[in-house]
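The values are calculated or read from the model by the stated rules, or taken from the named source; none is laboratory data. Just so we're clear, the structure is a prediction, and the values are computed from it rather than from any experiment. Cβ coordinates were reconstructed from backbone atoms using ideal geometry, including for glycine residues, and neighbour counts include every protein chain displayed. Accessible surface areas use protein heavy atoms only, side chains included; no ligands, DNA or RNA. Shrake-Rupley method; radii C 1.70, N 1.55, O 1.52, S 1.80 Å.
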Amino acid sequence: MALAQSDDIAEKQSDSGKSVREYLSSHLREYGLLFALIAIMVFFQVVTDGTLLRAVNITNLLLQNSYIIIMALGMLVVIVSGNIDLSVGSVMGFIGALAAVMMVHFDQPMYVTVVVCLITGALIGAAQGYWVAYWKIPSFIVTLAGMLVFRGLSLWLLEGQSVGPFPREFQVIANGFVPDIFPPVIGETIAGIFAERQVNTLALAAGILAAASLVWIGLRQRARNRAYGIVDEPRGFFIARNAIVAAAIIFITYKLSTFRGLPNVLITMGVLTVVYAFLTQNTTIGRRVYALGGNEKAAKLSGIKTERLTFLAFMNMGFLAAAAGLVFAARLNTATPKAGFALELDVIAAVFIGGASMSGGVGRIIGAVVGAFLMGVLNNGMSIMGIGIDYQQMIKGLVLLAAVVFDVYNKRKQG
Amino acid sequence: MTTLLEMREITKEFPGVRALDRVSIAVKQGEIHAICGENGAGKSTLMKVLSGVYPTGSYEGEMTFEGEPIAFRDISDSEARGIIIIHQELALVPQLSIAENIFLGNERAKRGVIDWRETNTRTEELLAKVGLKEPPTTKVDAIGVGKQQLVEIAKALSKDVKLLILDEPTAALQENDSRKLLDLMLELKAQGVTCIIISHKLGEVRYVADTVTVIRDGMTVSTLDASEGLSEDRIVRDMVGRDMTHRFPEHHRKPAEVLMEVSGWNAWHPQHAERQVIKNASFTVRRGEVVGIAGVMGSGRTELAMSIFGQSYGRNISGEVKLGGKPVDVSSVDKAIHAGISYVTEDRKSLGLVLDETIRFNTTLAHLEGVSSGGILNRNEETRVAERYRDALNIRTPSVFQKTINLSGGNQQKVVLAKWLNTAPEVLILDEPTRGIDVGAKYEIYTIINELAAEGKGVVMISSEMPELIGMCDRIYVMNEGALVGELAAGEASQEKIMSLIVNE
């Protein structure tokens, strides 16, 4: 995820030799989001007496937010294209129900179920995208209809009951951990040094590798930009930002390694995030989605097949909603008619907190992911503190409003 | 005459750009004051400072109005003082009636209930003043741009205007509508309304202005008094900072073989299926030739171009397009681009650019294949391409990472041109390529067109400005009511001949 960000910041260069203040004011949004996340984490770490960053809680945090993040990736694309998808919570629930019925009632093998579910999700997205793209029906309405239809379908499919439990191999999707491939002796040695009970070497190694490659990509990009004379991020900022991100990754993976290692879901999430960050920023199809959302008519007159892109954005959303549905069902080990209820709002909120614009054409994958984490940490922290669901809702609502107000204020200030 | 408005030493900066640099201007009571300058010279910025679009505090300098210092926080502040600005892009609600638009935000109402009788009678009075014969209940989207302009002025009059500012009021108007508007300005002047007009059309400026202030690069260059005689040459010289003896660059073209041939082209209106918009149009373009299409607005010129360009307009399109003697498929935009046709829109803001994105983004948009392999973008290559066009077309910007929304009209137009040149077209259809851009940028665009012709490309130029067509084209087709009604060679074309072809159809 920081891969996209280092790219992002290097990308938005204009004049070299700007003052630090000018630089900061024009990149306030990107740094602001990161700082907000850090500030909130520090705050909860203090008020929960260190519970927030305990290994078990970090693991929980990742598992709890995995499906939101997976859907936020697709939602970002949909919102950048100038649309919205209100049906993702229902679709997610429906796919969970479908998986449950297939495996529990019809004894289908897990792999068949997963493949059928993912295809079904993509088809659902395609069906909705068809009306939006080719009939020009506002996505708000199409997906509002979809939300009701798939909520109803889940109820019908489950006959109002909860269905479970799932086979062990399916649960592993959400609750499993990547086994340590290194000899136990290495982990034991490290555990000895840091006085931990155990250390999963693979997790730690993966974290260090990820952090190192981020720094490496950042350095390479910076060198390339310097060759173009378009570096404007002051050196101190570059170092500090990379140091913080790298340290955070190593810290988190270290914590994970002292518990049960890398959750399978983290791998899924990480891979998907990198793939979508690359897709949106570095490919022609991603570029065209931004053009479509930024000015549909101009995009069309530039030879871009805008209808097909809209269609694909929704199909992709359906696919990711299905993936999230599988993760969610596996995590709860049961499919309930209520699964995914109102979840679309969390997903949409994450994307907007991450800096996307309602009118389309603006927004980044990294922003959506950080936005989702920010909401996740808020949820988690407030729950640990024992704050009631009533206050939690209010605070989350205000955070969303504050993030968007900040965007608008920032934009206005830049004139 | 007393001074009505004085702006002293106005300086306004945007990130990286100083748009206004100590500009001063004094407008006398009861005069028509023209502000001339190239695109990006700072004319519109100055008016935005005056009308409170840029609130007090966001600029330096002082302003006095009727002898008192003024500092506006927003437009309603300036309107309350009787300073009303009519922007290039009209601010009317198309779905509402003329009367509703005129009294929008200023409704004739008692306790929130609208008095329709008063609204409509007052509207009739105002429309009579501006010489518009339309019932007050007509929806604004049912009347043409020229009449909408008059509605805007009527709206200004309804607010007890003391200083009326018109930003490029005739940019979208036909000759006779423009004339009417200018005469109306003179009439308003006789009634004591002071006007500021921003215009590129120097003929108009000479016709109406009492005083001309010329701005260049954000600075006041000169203030000229009409009583001492206004010479266009002098104004142009002050605007561009150099002598411009020729408005059109010289060209010596030798058109070669026929490059594009359109025959029997028909198209129907997308909503009203029974209306035939293009009627059996046929024309040819040779290599190295600039072909003009003249005609009044609504004659179908844009529709002809867009229907050829991937059927972007109309339905039930029929006819044949040949390039280099072979029929080509132009049934979608990407096929048309692939065949070698480019269409540079007349409406760069809403159809040409993704305004929130950078110059680089827009330059490569129509030909991403050129800066990618296997669907993966090479952004360094992209930067190189954008910088090449920036240098070749002289796009004035600190960097290609500048958002296009921050560019002046002329520079935006160049970015749109860059986008299409980057698709390496054989035929370029340029729709009003110099609309709303200043003399200097126009000259540069003309030069680019000549270079394209010299490279052996075919250029089709659609324009409402007849002198431009006569000055630039090798042949001119005249279009009227959806049909090509005549063809004139460069030597025989004149404004009178073009007009008579339109009138005597």
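Of all the listed residues (A:Ser90, A:Ser81), the sole one being in contact with a helix residue (DSSP H, G or I) (Cβ under 7 Å, 6 or more places away or on another chain) and under 14 Å from A:Leu157 (Cα atoms) is A:Ser90.
Each residue in region A:247-283 was checked for being of a type outside the set (Val, Ile, Thr), away from chain B (no Cβ under 14 Å) and within 16 Å of the chain's Cα centre (by Cα), and 7 of them qualify. Mind checking whether some residue in region B:137-144 is under 29 Å from B:Met7 (Cα atoms), in contact with a helix residue (DSSP H, G or I) (Cβ under 7 Å, 6 or more places away or on another chain) and buried (at least 17 other Cβ atoms within 10 Å of the Cβ)? No. In region B:121-136, the residue that is least open to solvent (accessible area, probe 1.4 Å) out of those that are basic (Lys, Arg) and touching a residue at least 24 places away in the same chain (Cβ under 8 Å) is B:Arg122. Number of residues in region B:402-416 that are open to solvent by less than 10 Å² (accessible area, probe 1.4 Å), more than 13 Å from chain A (Cβ to nearest Cβ) and of a type outside the set (Lys, Arg) equals 2.
All of B:Ser312, B:Ser331, B:Ser318 fail the test of being in contact with a strand residue (DSSP E or B) (Cβ under 6 Å, 6 or more places away or on another chain), in the same structural domain as B:Leu484 (by TED's automatic domain parsing) and either hydroxyl-bearing (Ser, Thr, Tyr) or part of a loop (DSSP other than H, G, I, E, B) (or both), apart from B:Ser318.
Any residue at all in region B:405-415 that's among the charged types (D, E, K, R) and closer than 30 Å to B:Arg234 by Cβ? Within region B:405-415, one or more residues are among the charged types (D, E, K, R) and closer than 30 Å to B:Arg234 by Cβ.
Scanning region A:10-38 for residues that are in a helix (DSSP H, G or I) and either modelled with pLDDT of 50 or more or of a type outside the set (A, V, I, L, M) (or both) yields a count of 19.
Counting only strands (runs of 3 or more DSSP E) wholly contained in region B:15-134, the ones carrying 2 or more residues that are modelled with pLDDT of 90 or more and under 28 Å from A:Ser25 (Cβ atoms) occupy B:17-28, B:60-65.
Scanning region B:290-323 for residues that are closer than 28 Å to B:Met499 by Cα and among the acidic types (Asp, Glu) returns a single hit, B:Glu303.
B:Val221 satisfies every condition listed in (1) in a loop (DSSP other than H, G, I, E, B); (2) in contact with an Asp or Glu (Cβ under 9 Å, 6 or more places away or on another chain); (3) of a type in the set (A, V, I, L, M); (4) over 30 Å from B:Asp474 (Cβ atoms) except (1).
Are any residues in region A:119-170 free of Cβ contacts under 8 Å to residues at least 12 places away in the same chain and among the basic types (Lys, Arg), and if so, which ones? Passing the criteria: A:Lys136, A:Arg168. Scanning region B:339-368 for residues that are more than 8 Å from every other protein chain (Cβ to nearest Cβ), assigned to a helix (DSSP H, G or I) and surrounded by fewer than 23 Cβ atoms within 10 Å (Cβ to Cβ) yields a total of 3.
Checked against the criterion of being over 30 Å from B:Val344 (Cβ atoms), touching a strand residue (DSSP E or B) at 6+ places or on another chain (Cβ under 6 Å), open to solvent by less than 20 Å² (accessible area, probe 1.4 Å) and away from chain B (no Cβ under 14 Å), the candidates A:Ala403, A:Ala322, A:Ala329 yield just one match: A:Ala329.
Is it fair to say A:Gly303 is buried (at least 18 other Cβ atoms within 10 Å of the Cβ), away from every other protein chain (no Cβ under 14 Å) and at positive phi? Taking the combined requirement at face value, the residue does not satisfy it.
Could you check, for region A:258-275, whether at least one of its residues is crowded, with 16+ Cβ neighbours inside 10 Å, outside any helix (DSSP H, G or I) and of a type in the set (A, V, I, L, M, F, W, C)? Yes: region A:258-275 contains one or more residues that are crowded, with 16+ Cβ neighbours inside 10 Å, outside any helix (DSSP H, G or I) and of a type in the set (A, V, I, L, M, F, W, C).
Each residue in region B:155-169 was checked for being open to solvent by less than 30 Å² (accessible area, probe 1.4 Å) and at positive phi, and 1 pass.
Annotation: A:Glu233 fulfils all but one of (1) within 14 Å of chain B (Cβ to nearest Cβ); (2) farther than 30 Å from B:Arg384 by Cβ; the unmet one is (2). The combined condition, being closer than 30 Å to A:Gly340 by Cβ, open to solvent by less than 40 Å² (accessible area, probe 1.4 Å), in the same structural domain as A:Leu343 (by TED's automatic domain parsing) and not aromatic (Phe, Trp, Tyr), is fulfilled by A:Val163.
Considering region B:381-401, the residues that are open to solvent by less than 30 Å² (accessible area, probe 1.4 Å) and within 10 Å of another protein chain (Cβ to nearest Cβ) include one that is farthest from B:Phe14 (Cα to Cα), namely B:Glu382.
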